[in-house]
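Structure first, then comments.
FYI, it's all coordinate maths here, none of it is from the lab. Computed from a predicted structure; not experimentally measured. Every residue, glycine as well, gets a Cβ built from its backbone with ideal geometry; the counts of neighbours run over all protein chains shown.
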Amino acid sequence: MNSERTSVIISNFNTAAILEECLSNLREVNSSLEVIVVDNASSDGSAEMVRDKFPQVILLTPGKNLGLSASYNLGLTKASGAMLLFLGSDAFPEEGTIAGVADYLTTHPEVGLATCKLILRDGSLDRDAHRGFPTPWTALTHFLSLDRIFNGSHLFDRYFLGYEDTNQPHEIDLCISHFMLVRKEVFDKIGGFDEDFFVYGEDVDFCYRVKEAGWKIMYLPQWQATHYKGASVGVRKETADITTATKENVSGINHGDAPFLPKALRQQVSPNTDLARLPADRVQEKDQDFTVSLITLSRPAFPLTLNLPQKRPPKPNAGSYPPKTKSHAGARIHRN
C-alpha cells in the first residue's frame, strides 16, 4: 500500500448534488485522502453543502469562476500529497483504484501521470481517457470518420488509439482530467496547468508537456472509475437526467471569454454568440465533445490541430505552480 499521501483536487461549478455523491464516494473508498474542492462561485449552494456535510474537506472559494485550469492550480497550492489526483465532480473511483494507481506510480518512476479505465453510466468505455495526440493527420482521420471505417488500424485509428487492447496496461498520449493522477515532482519541473485554457484542452496541453519532459503516461485498466460524462457542465444528453448544470456553465463563461475557441478567435466572439452558427472549422467541437479543434487559421505553428506547438518553448515559470502570471490571492480557505 502506498505510504505517500494522495491529494484529490476537484473543481466545481453548480453541481452540488453530484459533488455530494462524489465526496461521499471518496470518503467510503479511502477516508485517508486529502480532498480539496475549489468552488467557482456556484449559485446552487455547493460551497455551503461542502462546509456543512464534509468538514474534513479543504474548501477554497475564490469568489468568481476561475475556469478549470486556474481552479486546479489554486488547489495545487494547498495540496500536501506526493501524489495529486485531479478528479471530476462526476467521477466515482472504485475501492482500491486511487491507491492502486498511486502505488503504480511509486514503483514506476519513469511514469509521471496515469489514469484508470473510465466507465460511462451505460457500461461502455469512456474513450476520452485513452487518447492519442490530435496531430493534423489524427484529427483529419477522426473528423472524416476514417477511424471508424478502419477500426484498429495503426494508420487511421490513432485518435482513440483503437489498435491498443483497453483491457491491458499500456502507454498512451493523453487522458482527460476527470481521473488524472500525477506525481508532484512533475509540477515541480514543468509548472501548473496553462490558464489560457479556461475549460477543455487543458488536459491535452498538460499531457503534451508531461511527455515532452520525458515522463510516460499510462493507462491502467486494472483499476476503474465510473464517469457521469457531461454532468459537471450540462451539455451532454447522456447525463441530462441527473445534472443540475446548464449550458450557461460553459457558454458565455468568464463574462465574454469563449473558452472553446482558439485564442485568435476569442476577441471575435461576444458572450451571446451562438457557437452552433459558427463554421465547423472554427469551433472546438465534435458531437458535443469539445476536445479537438480543426483550426484553419493563418497560424503556421498550429495547422489543423489543437493548441499544441510543434516545438513548445519553455515556460518562464517552469519549476513552480501555479503560473505566476495570475494571482488568486483572494481565495478563501475554509477548514472546519
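Brief remarks follow.
- Per-residue ³J(HN,Hα) for the range 135-143, Karplus 6.51 cos²θ - 1.76 cosθ + 1.60, θ = phi - 60°, Hz, x for Gly and Pro: 5, x, 5, 4, 5, 4, 5, 6, 5
- Values of log10 I(q)/I(0), in the order q = 0.11, 0.14, 0.17, 0.21 Å⁻¹, for the range 137-216 under a Debye, Cα-only, solvent-free model: -0.37, -0.58, -0.81, -1.05
- Euclidean distance between Cα centres, the range 59-116 to the range 170-235, Å: 9 Å
- Taking other C-beta atoms within 10 angstrom as a stand-in for reagent exposure, I176, I119 fall in the order I119, I176, fewest first.
- Remark on L220: its backbone amide H falls under 5 Å from those of T115, C116, K117, a criterion applied only to residues 5 or more positions apart or on other chains, H modelled at 1.01 Å from N.
- Which of T106, T115 has the fewest Cβ neighbours within 10 Å, and the rest in rising order: T106, T115
- Over the range 141-223, relative contact order from alpha-carbon pairs under 8 Å, at least 6 apart, %: 30 percent
- Binning the C-alpha pair distances of the range 1-96 at 10 Å intervals from 0 yields a P(r) profile of 17, 55, 26, 3 %, listed from the shortest bin outward.
- Computed from backbone phi, the HN-Hα couplings of the range 170-176 come to 6, 7, 10, 8, 7, 9, 6 Hz, rounded to whole numbers (Karplus: 6.51 cos²θ - 1.76 cosθ + 1.60, θ = phi - 60°; Gly and Pro given as x).
- Counting every pair of alpha carbons in the range 45-136, the share spaced more than 20 Å apart comes to 54 percent.
- For F179, the residues 5 or more places off, or on other chains, whose built amide H falls under 5 Å of its own are G88.
- Residue exposure proxy: M83, M180, ordered by other Cβ atoms within 10 angstrom of their Cβ from fewest to most, comes out as M83, M180.
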